[in-house]
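The values are calculated or read from the model by the stated rules, or taken from the named source; none is laboratory data. No experiment lies behind these values; they were computed from the predicted model shown. Please note: Cβ atoms are built from the backbone with ideal geometry, for glycine as well, and neighbour counts cover all protein chains shown.
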Amino acid sequence: MGNEQQSESPPVVVRPRLRGRLHLWGFVVSIFGGIEILLRAPNDADMLAVGIYAFAISAMLGTSAALHVPKWSAKARRRMRRADHSTIFLAVAGTYTPVAAIGLSGNTRDIVLWVVWGGALLGVAQQMIWLDAPKWVSALVYLALGWAAVWVLPDLYHSSGAWALALIVAGGILYSLGALAYATKKPDPWPNTFGYHEVFHSFVLAAAVCNYLAISYFIMR
């Protein structure tokens, strides 16, 4: 009987010591980075676009840290997960906002903004309805929105040059690698300290840096 009870015990879930810490530090840096890039915006229109971007990135990182660092009750954690997943969509659309508003023009700019913000709202709605979707489903939805405007890359090259385009593409690739790590739960190098979710968060931060540099380049053009 003792052996049977022992075999039926639920497995112990190890919480990596760095869980949420990377995005907590990233959130703090994003506040200062957002203020810095806002102060460099040359006009009101650029400032609005950059402000939306800065708010969205800080919201994503801050919500992620708020979910992963403290210990929540099951009910509260579910609410925080919904907010965390939703802000990822807002961050994608928020990043696209200055890229489209500053780097594109005319109908192309308007179409991109409608597509990414419409997609972000649909993504948030999906989280409200199907929070417990498999990780690979969520990853595919994030990737679909992130690469939705890949067709405007030639326009960005002509308007902003190879350097800005390379940074945007690098950011997209890093986000994609992060989504892959999230969906597959691999690699999981040091589960007690730095697991697959920390790998995912690291890719997100690296991608955010690339996009920050690209947007900085746009407003300095």
Within the stretch 197-221, residues surrounded by 18 or more Cβ atoms within 10 Å (Cβ to Cβ) and either β-branched (Val, Ile, Thr) or closer than 14 Å to Arg19 by Cβ (or both) come out as His197, Glu198, Val199, Phe200, His201, Ser202, Val204, Ile215, Ile219
Counted residues in the stretch 124-142 being surrounded by 13 or more Cβ atoms within 10 Å (Cβ to Cβ) and modelled with pLDDT of 90 or more come to 1
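Check Leu167, Leu143, Leu113 and return the single one that is in contact (Cβ under 8 Å) with a residue 12 or more places away in the chain and more than 13 Å from Thr95 (Cβ to Cβ). Give the derivation first.
Values: Leu167 fails: more than 13 Å from Thr95 (Cβ to Cβ); Leu113 fails: more than 13 Å from Thr95 (Cβ to Cβ).
Matching residue, one of Leu167, Leu143, Leu113: Leu143.
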Within the stretch 171-189, residues being more than 14 Å from the chain's Cα centre (by Cα) and surrounded by 13 or more Cβ atoms within 10 Å (Cβ to Cβ) number 4
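Hey, can you tell me all the residues within the stretch 63-111 that are of a type in the set (Asp, Glu) and either in contact with a Phe, Trp or Tyr (Cβ under 6 Å, 6 or more places away or on another chain) or buried (at least 17 other Cβ atoms within 10 Å of the Cβ) (or both)? Even if it seems obvious, please write down each step before you answer.
In the first step, residues of the stretch 63-111 are kept if they are of a type in the set (Asp, Glu); the result is 84, 110.
If the condition is that a residue be of a type in the set (Asp, Glu) and either in contact with a Phe, Trp or Tyr (Cβ under 6 Å, 6 or more places away or on another chain) or buried (at least 17 other Cβ atoms within 10 Å of the Cβ) (or both), then Asp84 is the only one that fits.
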Tell me, please, whether a residue that is part of a loop (DSSP other than H, G, I, E, B), at pLDDT below 90, under 19 Å from the mean Cα position of the chain (by Cα) and not β-branched (Val, Ile, Thr) can be found in the stretch 20-39.
yes
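Taking the criterion of being among the aromatic types (Phe, Trp, Tyr), touching a helix residue (DSSP H, G or I) at 6+ places or on another chain (Cβ under 7 Å) and under 22 Å from His201 (Cα atoms), would at least one residue in the stretch 157-171 satisfy it?
Of all residues in the stretch 157-171, those among the aromatic types (Phe, Trp, Tyr) come to 157, 163.
When the remaining residues are screened for being touching a helix residue (DSSP H, G or I) at 6+ places or on another chain (Cβ under 7 Å), the result is 157, 163.
Now restrict to residues that are under 22 Å from His201 (Cα atoms): none.
Looking for residues that are among the aromatic types (Phe, Trp, Tyr), touching a helix residue (DSSP H, G or I) at 6+ places or on another chain (Cβ under 7 Å) and under 22 Å from His201 (Cα atoms), one finds none in the stretch 157-171, hence no.
Looking only at the stretch 83-111, count how many residues are of a type in the set (Val, Ile, Thr), farther than 12 Å from Val152 by Cβ and within 16 Å of the chain's Cα centre (by Cα). Can you show your working first?
Just the residues of the stretch 83-111 that are of a type in the set (Val, Ile, Thr), to begin with: 87-88, 92, 95, 97, 99, 102, 108, 111.
Narrowing the set further to residues that are farther than 12 Å from Val152 by Cβ leaves 87-88, 92, 95, 97, 102.
Imposing the further condition that a residue be within 16 Å of the chain's Cα centre (by Cα) reduces the set to 87-88, 92, 95, 97.
The qualifying residues number 5.
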Of the residues in the stretch 40-53, those that are in a helix (DSSP H, G or I) and not β-branched (Val, Ile, Thr) come to Asp44, Ala45, Asp46, Met47, Leu48, Ala49, Gly51, Tyr53
